[in-house]
Amino acid sequence: MAAVVIIEDDQRIRELVARVLADKGYEVEGAANALDGLQKIVQAAPDVVVLDMGLPDLDGAELLKMIRAITDVPVVVATARSEDRDVIRTLDAGADDYLVKPFSVEQLEARLRAVLRRSAAESHVPQIVVGDIRIDPNARVATLSDEPLQLSPKEFDLLVYLAERIGTVVSKRQLMAEVWRQPYGGSEKTVDVHISWLRKKLGESAAESRYLETVYGVGIKLVDPS
Ligand code: CA
């Protein structure tokens, strides 16, 4: 299982995240400040790092630069700052992904999986399970209650993108940019059509949704109905 170093000065968050991730089978090391964190990264050689941007001894962005000087380990930044400029600065400094606080441990774990999958040179990639849906991103196979789902490539990409952000509302524009790679132009109707196809294959409708929950005027999220 993947090893995680979490650098977070808020003891409550650090211990909660460490406990939940450990329950899910991750090997977790916690650090309460930047220098301890750097030491843990060197000693534990983790598969992924979770980094709080507001640390007592060093700015998270500075620590990120120091981490990047010694290792390519994927870093997921946890930030209370939601300004676009700060996010861009963070990603420019070498973060692989970010989460804006407050976030759920489930959201964090979904990001960790996504980052680990991207970085995985190794063939063993965790599957994504949401209720009765099981997704193997590497094999590009998805099942519903152990029955194979016959998904088109875009439907599959859409499902994976939403599953990696379980419980988080994603806008159609974001889906256009990230799944269809069309940040400008491109019709949001395309997204609507694929969502309705995906719904059908998941055995639901917009009126009676189970997994795909529309948030009117905002977007859509995948939820675990159980
Ligand atoms: Ca902090």
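The values are calculated or read from the model by the stated rules, or taken from the named source; none is laboratory data. None of these values were measured; they are calculated from a predicted model. Neighbour counts are summed over all protein chains in view; Cβ atoms, including those assigned to glycine, are modelled from backbone coordinates with ideal geometry. Protein only, heavy atoms only, side chains kept; ligands, DNA and RNA dropped before computing areas. Shrake-Rupley method; radii C 1.70, N 1.55, O 1.52, S 1.80 Å.
At a glance:
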{"item": "Meets criteria (touching a Pro at 6+ places or on another chain (Cβ under 9 Å), touching a residue at least 24 places away in the same chain (Cβ under 8 Å) and within 13 Å of the ligand (Cβ to nearest atom)) for D57", "result": "no"}
{"item": "Residue that is nearest to T71 (Cα to Cα), among those in the stretch 1-14 that are within 16 Å of the ligand (Cβ to nearest atom) and surrounded by 14 or more Cβ atoms within 10 Å (Cβ to Cβ)", "result": "V5"}
{"item": "Only one of V191, V215, V169, V223 that is open to solvent by less than 40 Å² (accessible area, probe 1.4 Å) and out of contact with any Ser or Thr (no Cβ under 9 Å at 6 or more places or on another chain)", "result": "V191"}
{"item": "Residue selected from the stretch 79-96 under the condition in contact with a Phe, Trp or Tyr (Cβ under 8 Å, 6 or more places away or on another chain) and within 16 Å of the ligand (Cβ to nearest atom), by the criterion nearest to R118 (Cα to Cα)", "result": "T90"}
{"item": "Residue match in the stretch 153-165 (condition: in a loop (DSSP other than H, G, I, E, B) and hydroxyl-bearing (S, T, Y))", "result": "no"}
{"item": "Scan of the stretch 15-54 for residues that are assigned to a helix (DSSP H, G or I), within 16 Å of the ligand (Cβ to nearest atom) and open to solvent by 40 Å² or more (accessible area, probe 1.4 Å), ordered by number", "result": "E15, L16, L35, D36"}
{"item": "Test result for R199, buried (at least 17 other Cβ atoms within 10 Å of the Cβ) and not in a loop (DSSP other than H, G, I, E, B)", "result": "yes"}
{"item": "Within the stretch 62-78, considering residues that are within 16 Å of the ligand (Cβ to nearest atom) and open to solvent by less than 10 Å² (accessible area, probe 1.4 Å), the one farthest from L112 (Cα to Cα)", "result": "L63"}
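A quick yes/no check of all residues on (1) of a type outside the set (D, E); (2) touching a Lys or Arg at 6+ places or on another chain (Cβ under 8 Å):
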site: S119; (1), (2): yes, no
site: D136; (1), (2): no, no
site: V160; (1), (2): yes, no
site: E188; (1), (2): no, yes
